[in-house]
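Below: one structure, written as structure tokens.
The values are calculated or read from the model by the stated rules, or taken from the named source; none is laboratory data. Every value quoted in this text rests on a predicted model; they were computed, and no experiment measured them. Backbone-built Cβ (ideal geometry, glycine too); neighbour counts: all protein chains shown. Heavy atoms of the whole protein, side chains included, go into the accessibility calculation; ligands, DNA and RNA do not. Shrake-Rupley method; radii C 1.70, N 1.55, O 1.52, S 1.80 Å.
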Protein chains: 2
Amino acid sequence: MSAFDTLMAHARETQALAQVAGRLGWDQETVMPRGAAPQRAEEMAALEGVLHARRTDPRLAEWLAEAEAPDAAGAAQLRLIRRQHERAVKVPARLAAELARVTSRAQGVWAEARAAQDAGAFVPVLAEVVALRREEGAALAQGGDLYDALLQDYEPGTTAAEIEAMFGALGPRLAELRSAVLERPAPAALSGRFDEAAQHALARELAQAFGYDLMRGRIDTAVHPFSAGSGLDVRITTRTDPADPFNCLYSTIHEVGHATYEQNIDAAYLLTPVGQGASMGVHESQSRLYENQLGRSRAFTGWLYGRMREIFGDLGIADEEAFYAAVNRVHRGFIRTESDELQYNLHILMRFDLERALISGDLAAGDLEAAWNDRFGADFGYAPERPSDGFLQDVHWSVGLFGYFPTYTLGNLYAGCLHAAMRRDLPDLDESLGNGDPSPATGWLRETVQRHGGLMEPRDLIAAATGEAPSEIPLLAYLEDKFGHLYGL
Amino acid sequence: MSAFDTLMAHARETQALAQVAGRLGWDQETVMPRGAAPQRAEEMAALEGVLHARRTDPRLAEWLAEAEAPDAAGAAQLRLIRRQHERAVKVPARLAAELARVTSRAQGVWAEARAAQDAGAFVPVLAEVVALRREEGAALAQGGDLYDALLQDYEPGTTAAEIEAMFGALGPRLAELRSAVLERPAPAALSGRFDEAAQHALARELAQAFGYDLMRGRIDTAVHPFSAGSGLDVRITTRTDPADPFNCLYSTIHEVGHATYEQNIDAAYLLTPVGQGASMGVHESQSRLYENQLGRSRAFTGWLYGRMREIFGDLGIADEEAFYAAVNRVHRGFIRTESDELQYNLHILMRFDLERALISGDLAAGDLEAAWNDRFGADFGYAPERPSDGFLQDVHWSVGLFGYFPTYTLGNLYAGCLHAAMRRDLPDLDESLGNGDPSPATGWLRETVQRHGGLMEPRDLIAAATGEAPSEIPLLAYLEDKFGHLYGL
């Protein structure tokens with residue numbers, strides 16, 4: 001076998017084992033007996049140990065030095081294998097083990113501190129996590145910027161400076177739009193009780209309409225909706241709230257965006273490094289585009305209004321236009337995950353600034369709560385009164401995910417770019433959406449983005465799909481147009 | 001770390017990974033999307049590769065040479081680690097890979113041949129499987145008996161000669177009892193339709209009554225009932241037939257026997273070689289004792305009759321005695337898995353003889369169907385008219401399980417021994433069973449058998465629990481007494 005073929009066979013096995021780890025994660029969140037947790041922790045640790053040993057295998061460096069890619073896809077495979085190997089060997093085993101141990105403990109401390117509204121209880125372990133991630137960033141950056149180094153895990157090939165340029169242009173315009181919208185009268189919200197089995201049935205119908213293949217997937221219930229797996233086994237979860245069917249329906253459409261991305265990657269890349277989504281940002285671009293630009297569009301909500309009235313009877317909403325306004329209702333609130341399309345990115349922008357300050361050392365863990373509350377007050381005009389509404393609301397930092405938050409807004413920016421290009425290519429898209437059929441849009445995404453998997457770097461992929469370098473301009477234009485219309489600005 | 005501690009840490013990780021493989025097996029039979037099968041095969045192969053590499057790791061031999069067991073449990077751990085390592089290194093990698101490939105193909109060929117009633121289509125691949133298992137047996141036996149060598153995977157420390165001695169005494173007496181019973185009028189069977197949700201609810205109630213801990217387990221639906229996992233995560237499956245609630249109820253009690261065995265092993269052995277059941281035979285002794293000696297007893301069925309009438313209303317059965325007869329109805333049939341307690345072992349005895357002849361070379365794969373039909377006719381008095389009722393009914397041989405069948409009857413023999421000893425120790429057992437409470441019996445088994453896991457060799461474990469070497473005598477006495485009473489012999 002050539003060095004390239006040897007390398008690919010090794011990568012394929014590694015990828016298969018990574019899929020097994022993902023399957024265990026799914027199991028844990030959906031079906032695992034509660035009492036199994038301590039044993040599962042050992043099972044996962046053993047499997048992570050196997051994966052780490054494979055990724056640091058010294059033979060990889062030898063094979064990489066000799067391997068010649070037969071084509072562009074092969075070159076992409078080598079790029080991704082090299083990146084993963086180099087990342088793995090740069091981090092000392094001692095540090096990797098300590099990070100695993102401390103973040104595991106920190107997640108528990110965070111959950112308890114949040115439940116008890118005890119901010120101070122979380123600060124010491126947060127300081128430990130930050131210190132360890134700074135140490136890891138230094139090992140990875142080798143003289144470069146720590147935050148940029150951490151960002152590569154989630155958004156390879158992208159720098160904080162590139163993100164900052166876009167976020168900086170986005171922030172003030174979003175804040176302005178938000179103020180204008182919140183001065184206008186709030187539209188009516190949905191009212192009533194909505195049968196949960198009927199919500200599940202409609203969610204399943206929507207999932208299939210958006211292209212989710214249930215032969216290679218399944219839908220279960222979990223506390224937090226997620227998508228797991230790639231290739232031939234990509235599962236999603238959802239949840240229901242009898243008072244709020246949009247929670248179930250739109251979280252399902254969102255997860256279907258993630259899941260169909262993985263399902264639609266070219267079968268030739270199955271169980272290889274290229275056979276995964278290109279980045280967290282590109283992943284989020286698919287889920288958000290499915291959920292917002294398609295699912296919350298005037299055309300699709302017009303169809304959904306009729307479908308939901310067939311199923312649930314009267315919704316307490318006068319007509320299609322009022323339903324569209326209810327789906328896209330902008331409301332005050334503290335919680336990122338409950339936020340609407342307009343304000344969501346403001347939540348992310350402040351987290352991006354705060355976490356960079358933590359990683360650079362400009363902000364101490366002990367000062368985070370005050371900094372959070374100041375910034376939230378400045379951006380939103382009111383401040384959280386308890387930590388669970390403030391800096392303790394998200395799990396991310398407790399488990400060491402620094403560099404992850406900006407990918408949510410990157411996803412929205414990429415979705416804005418892709419949506420603008422899609423609309424140019426599909427002038428009659430609203431006609432299909434108005435019939436409850438998003439397939440021209442999902443087909444366009446499959447061809448321009450999804451089938452390529454990790455073939456290109458994220459920004460190159462978006463540029464190739466749209467013909468332009470990614471920027472904040474299309475998203476801003478879309479949001480200003482949509483919410484300007486909805487709120488009569 | 002001492003060599004012993006190093007070895008145990010290694011074994012613990014191996015065991016954790018083996019549990020992961022078991023979890024994937026559960027997933028495949030219960031929740032896996034159908035289209036995921038090809039990817040799952042690669043995931044399993046990668047994980048099996050990891051396990052094989054760990055079990056053949058040359059460092060094991062070094063550690064084993066140096067390790068000193070601190071106590072009896074440690075000595076048992078060393079015995080099991082050594083056995084697994086020696087088995088793994090005796091089989092050449094080429095042969096192991098070929099066996100995996102051929103048996104995977106053979107299982108598909110078997111399923112198609114059975115569906116098409118095409119015996120000839122199965123013969124060539126069966127011949128291949130037999131040849132490879134003979135080769136493996138020779139590698140393992142190193143001059144000894146091939147079949148004995150294969151048997152060690154399922155019933156360590158037991159020889160075919162020991163089994164033959166017991167089976168030889170069992171067969172004629174069973175055949176005689178069977179003939180006498182079938183000359184008597186058949187008792188009434190259950191009639192009616194039984195709500196499947198109510199069957200599931202009652203199965204769950206019975207599972208808990210027999211000691212199954214749902215905090216560390218769960219019950220799902222699968223085509224074939226099974227139990228999977230050990231320690232803190234032991235799951236079972238069941239199935240329902242609207243015309244036959246006994247199918248669901250007794251298969252659940254059976255699987256609970258397997259599952260509680262794994263759940264009740266001393267927590268100190270969690271994720272170690274000793275922390276698993278002692279053998280397939282001992283496992284089957286628990287499941288069969290729960291199902292038959294307890295679940296189908298006069299006392300317990302008396303309680304179950306009342307409980308089922310509360311749930312399902314009239315059962316078409318006159319009274320408790322008639323219900324007891326219906327539960328234990330002896331009926332003509334071809335299929336092992338549908339057989340009753342009396343005839344079941346006759347199905348196994350013929351398979352034991354036939355598979356030994358295949359492995360010894362005395363019987364060619366091409367002559368198996370004729371040999372099967374002859375033997376079945378001799379033992380049962382009628383012969384199968386289609387292969388799916390005959391030698392194609394079981395999956396075992398297609399996947400290379402030679403040496404597995406006798407463990408079913410060994411389990412019944414061990415159950416007979418344990419039941420006799422239990423009755424001596426628990427003179428009031430029928431009183432509890434009559435109240436629907438098998439806990440004195442399951443508690444007795446937990447203390448005498450289950451908590452020890454793999455601490456002792458199977459025959460030693462049964463001898464320690466009962467005070468006597470295992471034999472066929474208690475089972476025969478029990479069956480002759482039970483069916484003599486039921487059929488007025």
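On the basis of being facing chain B (nearest Cβ under 10 Å) and in a helix (DSSP H, G or I), does A:L60 make the cut?
no
Could you identify the single residue in A:A161, A:A149, A:A111 that is touching a Leu at 6+ places or on another chain (Cβ under 6 Å), assigned to a helix (DSSP H, G or I) and farther than 30 Å from A:D314 by Cα?
A:A149 is the lone residue from the list that is touching a Leu at 6+ places or on another chain (Cβ under 6 Å), assigned to a helix (DSSP H, G or I) and farther than 30 Å from A:D314 by Cα.
Does B:V89 fit the bill of being over 25 Å from the mean Cα position of the chain (by Cα), at the interface with another protein chain (Cβ under 8 Å from one of its Cβ atoms), farther than 25 Å from A:T30 by Cα and modelled with pLDDT of 95 or more?
Judged against the criteria, B:V89 is not a match.
All but one of (1) of a type in the set (A, V, I, L, M, F, W, C); (2) touching a residue at least 24 places away in the same chain (Cβ under 8 Å); (3) surrounded by fewer than 21 Cβ atoms within 10 Å (Cβ to Cβ) hold for A:L358, so report the exception by its number.
That leaves (3) as the condition not met.
Rundown of residues vs (1) within 23 Å of the chain's Cα centre (by Cα); (2) closer than 22 Å to B:G229 by Cα, yes/no style:
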{"position": "B:A16", "(1), (2)": "yes, yes"}
{"position": "B:Q19", "(1), (2)": "yes, yes"}
{"position": "B:D27", "(1), (2)": "yes, yes"}
{"position": "B:L60", "(1), (2)": "no, no"}
{"position": "B:A67", "(1), (2)": "no, no"}
{"position": "B:D71", "(1), (2)": "no, no"}
{"position": "B:L80", "(1), (2)": "yes, yes"}
{"position": "B:A106", "(1), (2)": "yes, no"}
{"position": "B:W110", "(1), (2)": "yes, no"}
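Taking helices (runs of 4 or more DSSP H) that fall entirely within the stretch B:269-335, which contain at least 3 residues that are farther than 30 Å from B:E457 by Cβ?
Result: B:298-312, B:320-327.
Name the one entry in B:R184, B:R204 that is of a type in the set (K, R) and either closer than 23 Å to B:A21 by Cβ or not in a helix (DSSP H, G or I) (or both). Break it down into steps so the answer makes sense when it comes.
Details: B:R204 fails: either closer than 23 Å to B:A21 by Cβ or not in a helix (DSSP H, G or I) (or both).
Every option except B:R184 fails the conditions.
How many residues does the stretch A:253-266 hold that are open to solvent by 10 Å² or more (accessible area, probe 1.4 Å), farther than 21 Å from A:R329 by Cβ and under 13 Å from the mean Cα position of the chain (by Cα)?
Adding up the residues that qualify gives 2.
Do we find that B:A37 is surrounded by fewer than 18 Cβ atoms within 10 Å (Cβ to Cβ) and not basic (K, R) in this structure?
Against the criterion (surrounded by fewer than 18 Cβ atoms within 10 Å (Cβ to Cβ) and not basic (K, R)), B:A37 qualifies.
Keeping to the stretch B:112-153, report how many residues are open to solvent by less than 50 Å² (accessible area, probe 1.4 Å) and in contact (Cβ under 8 Å) with a residue 40 or more places away in the chain.
19
Hey, any hits in the stretch B:440-456 for a residue that's open to solvent by 10 Å² or more (accessible area, probe 1.4 Å) and more than 19 Å from B:V256 (Cα to Cα)?
yes
Can you tell me how many residues within the stretch A:8-31 are facing chain B (nearest Cβ under 7 Å) and either assigned to a helix (DSSP H, G or I) or crowded, with 21+ Cβ neighbours inside 10 Å (or both)?
8
What is the number of the single condition among (1) within 28 Å of A:M456 (Cα to Cα); (2) within 14 Å of another protein chain (Cβ to nearest Cβ) that A:Q142 does not meet?
(2) is the only condition that A:Q142 fails.
Limited to the stretch B:170-181, what total is found for residues that are out of contact with any Leu (no Cβ under 7 Å at 6 or more places or on another chain) and open to solvent by 60 Å² or more (accessible area, probe 1.4 Å)?
So the count comes out to 2.
Looking at (1) open to solvent by less than 10 Å² (accessible area, probe 1.4 Å); (2) within 23 Å of the chain's Cα centre (by Cα), can you tell me which one B:L429 breaks?
(2)
Residue under question is B:A180, and the condition is that it be at pLDDT 95 or above and either outside the structural domain of B:L358 (by TED's automatic domain parsing) or under 17 Å from B:H396 (Cα atoms) (or both); does it hold?
no
Here are some conditions: (1) in contact with a strand residue (DSSP E or B) (Cβ under 8 Å, 6 or more places away or on another chain); (2) within 20 Å of B:A441 (Cβ to Cβ). B:D220 meets all but one. Which one does it not meet?
Looking at each condition in turn, B:D220 falls short on (2).
Could you please let me know if B:A53 is exposed (fewer than 15 other Cβ atoms within 10 Å of the Cβ), in contact (Cβ under 8 Å) with a residue 24 or more places away in the chain and facing chain A (nearest Cβ under 10 Å)? It would help to see each step written out before you state the result.
Details: exposed (fewer than 15 other Cβ atoms within 10 Å of the Cβ): yes; in contact (Cβ under 8 Å) with a residue 24 or more places away in the chain: no; facing chain A (nearest Cβ under 10 Å): yes.
No.
Does the stretch B:198-252 hold any residues that are within 14 Å of chain A (Cβ to nearest Cβ), surrounded by fewer than 22 Cβ atoms within 10 Å (Cβ to Cβ) and touching a residue at least 60 places away in the same chain (Cβ under 8 Å), and which are they?
B:D220, B:T221, B:A222, B:T237, listed by residue number.
Could you tell me which residue of the stretch B:56-67 is farthest from B:H10 (Cα to Cα), considering only residues that are open to solvent by 70 Å² or more (accessible area, probe 1.4 Å) and out of contact with any helix residue (DSSP H, G or I) (no Cβ under 6 Å at 6 or more places or on another chain)? Working first, answer last.
First pass over the stretch B:56-67, keeping only residues open to solvent by 70 Å² or more (accessible area, probe 1.4 Å): B:58-59, B:62, B:65-66.
Of the ones still in play, those that are also out of contact with any helix residue (DSSP H, G or I) (no Cβ under 6 Å at 6 or more places or on another chain) are B:58-59, B:62, B:65.
Working: B:P58: 12, B:R59: 10, B:E62: 13, B:A65: 15 Å.
Among those that are open to solvent by 70 Å² or more (accessible area, probe 1.4 Å) and out of contact with any helix residue (DSSP H, G or I) (no Cβ under 6 Å at 6 or more places or on another chain), it is B:A65.
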